[in-house]
1. Sort out which residues of segment 146-164 are farther than 15 Å from ALA103 by Cβ, of a type in the set (A, V, I, L, M, F, W, C) and in a strand (DSSP E or B), and write them in order of number.
2. I need the full set of residues from segment 286-304 which are loosely packed, with under 13 Cβ neighbours inside 10 Å and touching a residue at least 24 places away in the same chain (Cβ under 8 Å), in order please.
3. Does GLU201 qualify as being charged (D, E, K, R) and in a loop (DSSP other than H, G, I, E, B)?
4. Can you find, within segment 235-248, the residue that is nearest to LYS366 (Cα to Cα) among those that are modelled with pLDDT of 85 or more and surrounded by 12 or more Cβ atoms within 10 Å (Cβ to Cβ)?
5. With respect to ILE50, determine if the residue is touching a Gly at 6+ places or on another chain (Cβ under 9 Å), modelled with pLDDT of 90 or more and farther than 16 Å from LEU205 by Cα.
6. Within the set of pairs 6 or more residues apart or between chains, which connect a residue that is closer than 30 Å to ALA97 by Cβ inside segment 117-142 to a residue that is at pLDDT below 90 and of a type in the set (S, T, N, Q) with Cβ atoms less than 7 Å apart?
7. Give the residues of segment 252-285 that are closer than 24 Å to ILE376 by Cα, in contact (Cβ under 8 Å) with a residue 24 or more places away in the chain and in contact with a helix residue (DSSP H, G or I) (Cβ under 9 Å, 6 or more places away or on another chain), sorted by residue number.
8. Looking at ILE220, ILE232, ILE253, can you tell me which residue is surrounded by 15 or more Cβ atoms within 10 Å (Cβ to Cβ) and more than 30 Å from THR395 (Cα to Cα)?
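The values are calculated or read from the model by the stated rules, or taken from the named source; none is laboratory data. These numbers were taken from a predicted model, which means no experiment stands behind them. Here the Cβ positions follow ideal geometry from the backbone for every residue, glycine too, while neighbour counts run over all protein chains shown.
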Amino acid sequence: MHEHESNKSCQCEVCKVRYFERNNYYHGKMLNARDLAAEQYYFNEKRWLINRTVIGWGIVCGLEVSLENGCLVVGRGLALDCCGHELLLCDPHALHADKVAEALGIKSDQPSEAVRWALCLEYCECKTEPVELRSSCHEERGREYNRIRDDYRLSIRPFDDACPEDHDEECCPYEGLGREISIHQALVQRSHRCPKCKDCECVLLATGTIKTYPGRGSEITLDDDYWKYRRIVYTNPALAGLVRCFHGGLAHITEINWKPGTHYDVDDFLYLLSKEYLRVTFDQPMNQHTVRNPRSFRLSLFISIGDGTCPVQYLIPVERIEYEDDTAVYYLDSDCLEHELRTSCKKLRKAAEVELVLHGSMVLDKQGRALDAELIGDFPTGNGVEGGEFITYFTVGP
């Protein structure tokens, strides 16, 4: 026999419990029900505090929602509510469409327009193992329960009453991150406000609509985007997986056959362009189509022909790009080299600057992730983020 008690309050601020106090044991101490209850309270409230302030709240795993034979079926799984309570479902649970309509106050014998609903998972406690209390004269003193079980309740609410404001699509809660303030400063500012949910003990599992038809009963549907209101707990394994997806295993440039920062005389530079070409080596196989895209590459010379004149940019076109064995070879336009560049370089009175750019966001690996192209210091390239620009400079001339 079970007796349920609802979660009485959702006042779950960081100071819901103003202080923690535990039993002090000593020889001869007599323990009563108050002492033992305080022992449970001490550890429960500490665990729930850590859950809600450190781990967060939402769905941890499972709790998939599906429609089967006119019923909403919730699979097994685990969630944490915004008060830190653990919500563990170990068996599938079904709600019939008629029960959903009844919970929303929709009469089954009257037609209705589509009504939006939200399926919530809530914490409650369940008293089990009833015992009869007797006095010393064997007279009954009433009933008590031997156990209190952490339990849950699946409930249907009108969509607007299910705290959708706690399930926004805000991309980044840190204003100015990476532009105006550092990551550490943003986190410090964020930590000034203790986490608090908006008076909502509901872990929202799914949303949808329901209509009733006299003689046919209720028809229930799931929203196509019902998943977007499923608040998720970012566990350590989940975060580690995201880090690996975005930053781990990215492709890098390990070397090029031109040494950055080198000064070349004109003949050596032209020989380099026309005979040795530019060779760029990656540390893993790349998507050939993206490597061979001529727009991913730019080679420019900034030449001042006369004294006091502004440098003129010469953009050297790419004739073709070949890719094999993790190395791309860039063949530059021979007509441009011989008829334009050679003539201009021979007139140089001072060194010209050469700029080499490879657009990392346009060059992809086999998994479709952009090249980690930023050259910071020495090879290999990379700052742990997809894309970026590989930029290096040379000089050529007298």
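1. Selection gives ILE148 alone.
2. PRO294, ARG295
3. Judged against the criteria, GLU201 is a match.
4. ALA238
5. yes
6. From residues that are closer than 30 Å to ALA97 by Cβ, the pairs are GLU122/ASN7; TYR123/ASN7; CYS124/SER6; CYS124/ASN7.
7. ILE253, TRP258, TYR264, LEU278, VAL280, PHE282 - these are the residues of segment 252-285 that are closer than 24 Å to ILE376 by Cα, in contact (Cβ under 8 Å) with a residue 24 or more places away in the chain and in contact with a helix residue (DSSP H, G or I) (Cβ under 9 Å, 6 or more places away or on another chain).
8. After applying the criteria, what remains is ILE220.
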